[in-house]
1. Only counting other Cβ atoms within 10 Å, I'd like LEU168, LEU282, LEU336 sorted with the fewest neighbours first.
2. Put +1 on the Cβ of each Lys and Arg and -1 on the Cβ of each Asp and Glu in the stretch 178-282; which of LEU223, LEU254, THR266 then has its Cα farthest toward the positive end of the dipole?
3. Quick one: which residues, 5 or more positions from THR142 or on another chain, have an amide H under 5 Å from its amide H? H modelled 1.01 Å from N in the peptide plane, none for Pro or chain starts.
4. Using the Karplus equation 6.51 cos²θ - 1.76 cosθ + 1.60 (θ = phi - 60°), what ³J(HN,Hα) coupling, rounded to whole Hz, does each residue of the stretch 134-146 give in order, writing x for Gly and Pro?
5. How much length is gained if the chain between VAL269 and ASN207 is pulled fully straight, taking 0.36 nm per residue apart and subtracting their Cα-Cα distance, in nm to one decimal?
6. Rounding to the nearest 20 debye, state how big the charge dipole of the stretch 195-268 is about its Cα centre with +1 on each Lys and Arg Cβ and -1 on each Asp and Glu Cβ.
7. Helix check for the chain. Which DSSP H runs span at least 30 Å along their own axis by Cα, with a mean Kyte-Doolittle hydropathy no less than 0.0?
8. If you plug each phi of the stretch 291-302 into the Karplus form 6.51 cos²θ - 1.76 cosθ + 1.60 with θ = phi - 60°, what whole-Hz ³J(HN,Hα) values come out, in order, with x for Gly and Pro?
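Every number here is computed from the coordinates shown, using simple stated rules; none is lab data. These numbers were taken from a predicted model, which means no experiment stands behind them. Here Cβ is always computed from backbone atoms with ideal geometry, including for glycine, and neighbour counts include all displayed protein chains.
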Amino acid sequence: MAKRKSAADMFDVVIAGGGYVGLSLAVALKQGDESISCAIVDPKPMDQLHNDPRASAIAAAASRMLTQLGVWPKIEAESQPINEMIVTDSKLRDAVRPVFLTFDGEATEGEPFAHMMPNGVMMPALYKAAKKLGVKFFAPGTADTFRTHPDQVELELADGTVLKSRLLVAADGVRSKLRDLAGIRTVNWDYGQSGIVTTVKHERPHNGRAEEHFLPAGPFAILPLPGNRSSLVWTEKTSDADRLVRSDEFTFELELERRFGHHLGTLEVDGPRRAYPLGLKLARDFVNPRFALIGDAAHGIHPIAGQGLNLGFKDVAALAEVVVDARRLGQDPGGLDILERYQRWRRFDTFQMGVVTDVLNRLFSNDNDVLRAFRDFGLGLVDRMPGIKTQFIKEAAGFAGPVPKLLSGEPI
């Protein structure tokens, strides 16, 4: 049994998880109130952050928050604005894929509703900002267990180090160990699908257009990156996805071309291919005394709407605002009454998005001709109703519902 060794200081907030959500929460807290002491625990060394080959869709509201956090200029310089989005619905063997729904890409005039951004750019930018603000890092460091007391929580790491804080935040992913240790139950099920993620080069420019092709096995999303490159989120049955990821390069590119099409010319895979199992997992509660869930630890949803990371950024903006406001009023930021404000702000919105993505996936990931006729009629109807399309853009941009200050581009 490892010997317990306590860290020298009591922290106001300890965050378990040094990904996008954990890092951005630390930066938001320190910018909101520089006297807040904050630590991050992550099992991976922080100097490996630039090695992530994936890309993420950042909604306009999240980009406003990242601007307030001082990291957006660096990120924007290497990101690709989404200027347009089209939606098709067809069978894989169909020679023509009719476009049923189109969106222009502006949330407000001159502001794209989303950007595609390489993860290897965003993570180091957030890490540098956190270091500059004095966030303490325990990385590599693995959270092992924790104990909650009336006035503090003790997080014990695998090496025996004990960190004490007023509030422990679990940002440790969809398989959150701390969520399970806290006894917080989840609503969850497996879709029997996996998302293949990779990057491709293509001969012709995409002009900032994103495409979502609904195919019987699931959505096939083409998301523009800087240059003649696109990020793919390719949904298949899990057994087929595993087979495709393990296949040789010729077979993979042949299957890719069948789904991608020829409108952007010759294709070439330009990065590793990985498959991630897809399911729905929603925490029944987001808080306990001196404990809060954010990001994928609180909610894992289907990527069909591209909102997973943006939901995490909403959590960050809401929790940071609640904690900073409590500090300014001389209240205990780990008190359950304070954390309940965060839960009321975020839980309904998250459950609503979980239901929407679940229904969309079930409606579109099938080969039923009756359902296809019904959904195509609905898509065509929406395409002819500017008011509804505007509301969809507002939702995709992250501006629907009560919006925390950071997501509106305001400081806390």
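1. Working: LEU168 27, LEU282 19, LEU336 13.
By the 10 Å Cβ count, ascending, the order reads LEU336, LEU282, LEU168.
2. Farthest towards the positive pole: LEU223.
3. It is ALA158, ASP159, by chain and number.
4. x, 5, 8, 10, 10, 8, x, x, 10, 5, 9, 7, 8
5. Working: separation 62, 0.36 × 62 = 22.32 nm, distance 1.93 nm.
Taking 0.36 nm per residue and subtracting the Cα distance, the gain is 20.4 nm.
6. On the way: 9 positive and 12 negative charges, 42 e Å.
Computed about the Cα centre, the dipole is about 200 debye.
7. Numbers: long enough: 308-328 (31 Å, 0.50); 336-364 (41 Å, -0.29).
For the chain, where a helix must reach 30 Å along its axis and average at least 0.0, the hits are 308-328.
8. Here the 3J(HN,Hα) series is 8, 9, 9, 9, x, 5, 5, 9, 7, x, 10, 5 Hz.
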